[in-house]
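For reference, the structure is listed below as structure tokens.
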Amino acid sequence: MQIIVVENYEEMSLRGAEILAAVVKEKPTATLGLATGTTPIGAYRELIRKYENGEISFRDARTVNLDEYVGLDGSDPHSYRYFMQDQLFSHIDIDLSRTNVPSGVAEDLAVECTRYTKMLAECPQDIQLLGLGSDGHIGFNEPGAPFGGHTHVTDLAASTIRDNARLFDRIEDVPTRAITMGIADVMQAKKILLMANGKNKAEAVRAMIKGDVTEACPASILQRHPDVIVILDREAAGLL
Ligand code: F6R
């Protein structure tokens, strides 16, 4: 695990975007595993800038997102499909038919989980971008999620609902379930880039890097992946 500590969110975003851009430059047909949330917004902004400058193109790339809220379709501004359109896809030259976000409104969610797992197995991520939950989750693999798990529907932890309530009018509006890649789907990526900033992530960062590898801290499994880069700002690295 390579750990890079930087001053602030801005620097974390620039370094993260560099790493993602390098993968696309080296392999224009790369499959990029993407995340939503506040953490990657700055890196996406920087990727858009690189695209606008003519430094990179996503024309032949594919994307696979980690997760989606159950019950929200892509036209809902709180959905992760909408987030990806808004924060990245609509600003770059990606072919939308090659962008993948699990569907939270599929008629049969079990069938959707199987479809997504199969699609991931057929096209493994050249790089998977991750944020980190304050409870140590990656994707929406909450504490206790099995390390061998594939795409599944999960209940969100109370702390995750509280953390994400900032993006909704009322906490009651936060969906309580999500469809998420499993840990095994994440770990199949050739390379993993995890970014974390802010002091509310410091304890999870400590457990991920210094703690035991345990399903109680899903991100601790990353200690066993051969190619992981972690970029932290000073606050998130505060307990290392
Ligand atoms: C998002 C995701 C989550 C977030 C995590 C951190 O697709 O899978 O694991 O990365 O909850 O969220 P932020 O970045 O909002 O702190």
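Here are the numbers for the structure shown:
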quantity	calculated
³J(HN,Hα) computed for each position of the stretch 215-232 - Karplus, 6.51 cos²θ - 1.76 cosθ + 1.60, integer Hz, glycine/proline x	5, 5, 10, x, 5, 5, 4, 4, 4, 9, 8, x, 9, 10, 10, 10, 10, 10
Amide H contacts under 5 Å for Thr63, placed H, 5+ residues apart	Leu32, Thr99, Asn100
Ile4 long-range amide H proximity, modeled H, under 5 Å	Val230, Ile231, Leu232
Proximal aspartates and glutamates to Lys50, defined as alpha-carbon separation beneath 14 angstrom and excluding residues fewer than eight positions away on the same chain	Glu18, Asp93
Amide H contacts of Leu156 (H built 1.01 Å from N, under 5 Å, at least 5 apart or other chain)	Arg177, Ala178
Under 12 Å, Cβ to Cβ, from Ile209 - net charge with Lys/Arg +1 and Asp/Glu -1	+1
Debye log10 I(q)/I(0) at q = 0.07, 0.13, 0.16, 0.18 Å⁻¹ for the chain, Cα point scatterers	-0.20, -0.73, -1.18, -1.55
Calculated from backbone phi, Karplus (6.51, -1.76, 1.60) coupling profile of the stretch 156-168 in Hz, x at Gly/Pro	7, 5, 4, 5, 5, 4, 4, 4, 8, 4, 4, 8, 10
Charge dipole magnitude, Cβ of K and R +1, D and E -1 - the chain, Cα centre, debye nearest 20	560 debye
Ranked Cys123, Cys217, criterion: other C-beta atoms within 10 Å, fewest first	Cys123, Cys217
In Hz, Karplus ³J(HN,Hα) per residue of the stretch 141-155 (6.51, -1.76, 1.60; θ = phi - 60°; x = Gly, Pro)	7, 7, x, x, 4, x, 4, x, x, 10, 4, 8, 8, 9, 7
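All of the numbers you see were taken from the coordinates with simple rules; none came from a lab. If you're wondering where the values come from, they're calculated on a predicted model, not measured in any experiment. Ideal geometry is used to build each Cβ from the backbone, glycine not excepted, and the neighbour counts take in all protein chains shown.
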